[in-house]
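These notes concern the structure reproduced below.
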Ligand code: PMP
């Protein structure tokens with residue numbers, strides 16, 4: 001047991017003084033008191049170890065306190081923490097050069113921020129200035145931030161307040177081929193098949209067209225003419241790891257550009273190799289966005305975000321003076337630089353592909369075993385397991401049941417996340433260093449938790 005305040009006192013402070021809402025969103029009835037972490041593991045104050053299959057919502061990319069990343073942080077801590085952007089501090093430039101080498105042309109101008117919300121705020125402003133248009137469209141179920149501006153982009157009421165949202169933000173139907181109106185397994189860009197078969201023959205699948213019509217309809221019902229931006233996560237994260245039909249994003253980009261808008265890929269969860277097949281999520285859609293936003297895994301959990309765009313768009317944005325005191329501070333840049341180095345040195349992206357595919361295949365077996373698993377999907381270490389009351393109705397498994405399974409999983413030493421508009425999807429987004437053995441441990445625990453639930457329901 002580690003030294004700390006009593007659990008009762010910690011909970012009291014958390015409830016009274018520390019973001020009162022937090023208690024509502026604590027995932028567990030018996031809260032977890034975390035003390036420290038190393039790579040894919042977390043330890044609680046009583047010394048119990050947990051396999052972290054959620055990584056603080058995909059924020060810890062390399063592993064908790066990854067030795068190389070920690071060393072880079074320690075060295076920079078002793079050198080310089082902060083410098084004003086008016087001086088040239090070499091590590092910042094060195095990092096930016098490294099980052100753009102991972103992006104396709106013409107994406108080579110970087111703006112560093114402190115969070116994903118800040119990055120999306122900036123991207124929206126940039127799109128408005130560049131296009132001279134105002135409106136933005138997002139997909140339902142998406143999360144793009146909690147700032148007043150990005151709250152308008154976010155399309156999940158759990159994260160919205162009953163005050164007027166940022167004006168000019170509209171949404172369209174999310175092309176969800178499991179829960180949505182159209183689509184099925186072969187529509188999806190995924191190596192693992194789902195139980196749902198598309199109602200139309202594979203060579204004549206219309207799901208894509210139908211969802212695109214929904215997007216077109218926004219231009220008839222909500223947006224008078226031209227737009228500034230279309231934001232989409234390459235695979236929805238908080239929305240429940242939702243993958244779109246093949247070519248949806250490509251066609252949507254085409255339509256948006258015809259309407260004068262910029263296409264913005266929110267890579268906050270999908271970036272930095274997590275999807276395994278590619279470094280960025282947008283690459284598996286065969287598109288090049290006009291702006292890419294990133295955060296979370298960019299610095300292995302250290303607060304940082306970034307916006308990357310073309311010189312042309314950056315030029316339009318240069319009409320005003322953009323300033324961000326902490327954005328791109330030397331500490332964040334040194335950490336983010338070590339993150340890029342370790343992704344390469346430790347073949348992290350490949351690990352995401354190998355362990356992720358193993359997980360997807362094994363989870364698909366559990367889906368066939370249990371009536372309450374409706375769908376297994378995702379790419380690399382970005383996986384969703386959608387829970388239902390039964391396969392025929394596909395009604396979302398109620399929150400009490402989800403929490404029960406999650407709690408049981410935790411009590412057996414594994415942490416998972418939840419997402420989806422009904423909170424019906426387990427999210428598996430572990431640190432990208434997990435091994436096949438870790439994956440098998442998780443699978444055994446999850447299997448047991450499902451079994452326990454089925455026996456008592
Ligand atoms: N975009 C996506 C896809 C996210 O998942 C999040 C955070 N959950 C954000 C943006 C906002 O990032 P932050 O919390 O760092 O502001």
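Sorting 410, 436, 379 by the number of Cβ atoms found within 10 Å of their own Cβ, with the fewest placed first, yields 436, 410, 379. Cβ crowding within 10 Å ranks 179, 347 as 347, 179, fewest other Cβ atoms first. Stokes-Einstein, applied to the Kirkwood radius of region 234-347 over Cα pairs at a viscosity of 1.567 mPa s and 4 °C, places its translational diffusion at 83 µm² s⁻¹. By the Kirkwood approach, averaging reciprocal distances over each pair of separate Cα atoms, region 1-151 gets a hydrodynamic radius of 19.8 Å.
Pairs of Cα atoms nearer than 8 Å and 6+ residues apart set the relative contact order; for the chain it is 21 percent. The ellipsoid equivalent to the alpha-carbon distribution of region 281-370 has semi-axes of 34, 19, 12 angstrom, derived from the gyration tensor eigenvalues as √(5λ) and listed largest first.
Beta-bridge orientation, the chain: approximately 70 percent antiparallel, per DSSP, counting only bridges with both partners inside. Helices in the chain, meaning DSSP H runs of at least 4 residues, each add -39500 (n - 2.57). Divided by all residues, the mean residue ellipticity at 222 nm is -11500 deg cm²/dmol.
Taking the fewest neighbouring Cβ atoms within 10 Å as the starting point, the ordered list for 95, 253 is 253, 95.
Note: region 389-437, Cα convex hull, 100 Å³ per residue. One decimal place: the segment residue 75-residue 361 gains 98.8 nm when fully extended, by the rule 0.36 nm per residue minus the C-alpha distance. Once you treat every alpha carbon in region 79-147 as an equal point and sum by Debye, what is log10 I(q)/I(0) at q = 0.17, 0.20, 0.21 Å⁻¹? Values returned for q = 0.17, 0.20, 0.21 Å⁻¹ are -0.88, -1.08, -1.13.
Considering only Cα atoms, the convex hull volume of the chain works out to 151 Å³ per residue.
Taking only the Cα atoms of region 212-272, the radius of gyration and Dmax are 12.2, 37 Å.
Any chance you could check the Cα centroid distance between region 122-190 and region 287-364 for me, in angstrom? Their Cα centres are 20 Å away from one another.
Each value in this text was obtained by applying a stated rule to the coordinates, not by laboratory testing. Just so you know, these numbers come straight off a predicted model, no measurement behind them. Note that we place each Cβ from the backbone using ideal geometry, even for glycine, and neighbour counts take in every protein chain shown.
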